[in-house]
Amino acid sequence: MNTNIDIGLARYSDWAFTSSVLVLVGALLLLAIELAYSRSRKVESRELVGAARAATSGAGAAVGTDSAAPGVVADRPRRPIDQRIGGAGLALTYLGIGLLLGCIVLRGLATSRVPWGNMYEFINLTCFCGLVAAAVVLRRPQYRTLWVFVLVPVLILLTVSGRWLYTNAAPVMPALQSYWLPIHVSVVSLGSGVFLVAGVASILFLLKMSRFGAPGGDGLFARIVSRLPDAQTLDRIAYRTTIFAFPVFGFGVIFGAIWAEEAWGRYWGWDPKETVSFIAWVIYAAYLHARSTAGWRDRKAAWINIAGFIAMVFNLFFINLVTVGLHSYAGVG
């Protein structure tokens, strides 16, 4: 494998990473502003619609008809300021996703290898997959408020990645110089990123079903929860994203077992990383089963999905960075 490192491209990759984090922070702030004012805007819109209908009815009664006077054209309302701020936040989100992709691509070009050979690169790839999944799932305007709750864990992961897990661009160690590295790690990253969206959706679903989501709830937190999509929508997002990620992550585990047979002479050795990955996969299988079983839908199934999400986070940090096993030295997913 080529051991030459392009320092210039590696520096550009680091700049793209920093720029991505800053842009996503700006996007989070703008989208949070829209979330904070969306309820008042909806109330104001309902009042304006009611006033317009009353005026139209009055005009129709005056001319003896149900329609407004001919030749009168209503002014097209301008988009509220908070909606425009939210649109700008969404644009910044897409820009941040593009910059993170640039960071990953430049890192690969700088090292002449796939750019997911350590924990820093793996987390960046997982966050990118999660953001792309969110961009697909939350493409409808009424789902835009959910971006706030997706960006928070993503920014936490990116901050941990850049602050404590960063490593200089370098070739991977000989044990990882295999064609299974791009296959296994990319598939696991994709599944993990989509599971992040599913976990966030299930957490918000439980909040929506709790006392905080009850109509007329008091307190700032209750008002924020009331501005989310309805519980059925959140449950549907969690279910559909899990359906997609479950087989993807399963294939990642299978590919890892095949790679383990080539590298260590056995398919399965109950290594901590292997064990927790399998446990997480079983938990998600239990969620999909519970989601289709009467009496286990809604809250019980959502708790199982959150348990799977917790297992994924535990696997990502504790198993990779604390425990001792065959995967500990690599720092990859």
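The values are calculated or read from the model by the stated rules, or taken from the named source; none is laboratory data. Nothing here was measured: the structure is a model prediction, and the numbers come from that model. Backbone-built Cβ (ideal geometry, glycine too); neighbour counts: all protein chains shown.
Here are the numbers for this structure:
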| item | result |
| --- | --- |
| Residue satisfying all of: in segment 203-248; among the acidic types (Asp, Glu) and not in a helix (DSSP H, G or I); surrounded by the most Cβ atoms within 10 Å (Cβ to Cβ) among these | Asp230 |
| Of the criteria (1) within 21 Å of the chain's Cα centre (by Cα); (2) of a type outside the set (Phe, Trp, Tyr); (3) over 22 Å from Thr293 (Cβ atoms), which one Leu234 fails | (3) |
| Yes/no for Leu100 being of a type in the set (A, V, I, L, M), touching a Cys at 6+ places or on another chain (Cβ under 9 Å) and either crowded, with 21+ Cβ neighbours inside 10 Å or at pLDDT 55 or above (or both) | yes |
| Tally of residues being hydroxyl-bearing (Ser, Thr, Tyr) and either in contact (Cβ under 8 Å) with a residue 12 or more places away in the chain or part of a helix (DSSP H, G or I) (or both) across segment 272-317 | 4 |
| Criterion (among the hydrophobic types (A, V, I, L, M, F, W, C) and either surrounded by 21 or more Cβ atoms within 10 Å (Cβ to Cβ) or in contact with a strand residue (DSSP E or B) (Cβ under 9 Å, 6 or more places away or on another chain) (or both)) met by exactly one of Val253, Val200 | Val200 |
| Considering residues of segment 120-161 that are more than 21 Å from Leu22 (Cα to Cα) and among the aliphatic types (A, V, I, L, M) only, the residue surrounded by the most Cβ atoms within 10 Å (Cβ to Cβ) | Leu138 |
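Conditions tested, residue by residue: (1) within 24 Å of Ala135 (Cα to Cα); (2) in contact (Cβ under 8 Å) with a residue 24 or more places away in the chain; (3) surrounded by fewer than 22 Cβ atoms within 10 Å (Cβ to Cβ).
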| residue | (1), (2), (3) |
| --- | --- |
| Val172 | no, yes, yes |
| Ile183 | yes, yes, yes |
| Leu190 | yes, yes, no |
| Gly193 | yes, yes, no |
| Leu196 | yes, yes, no |
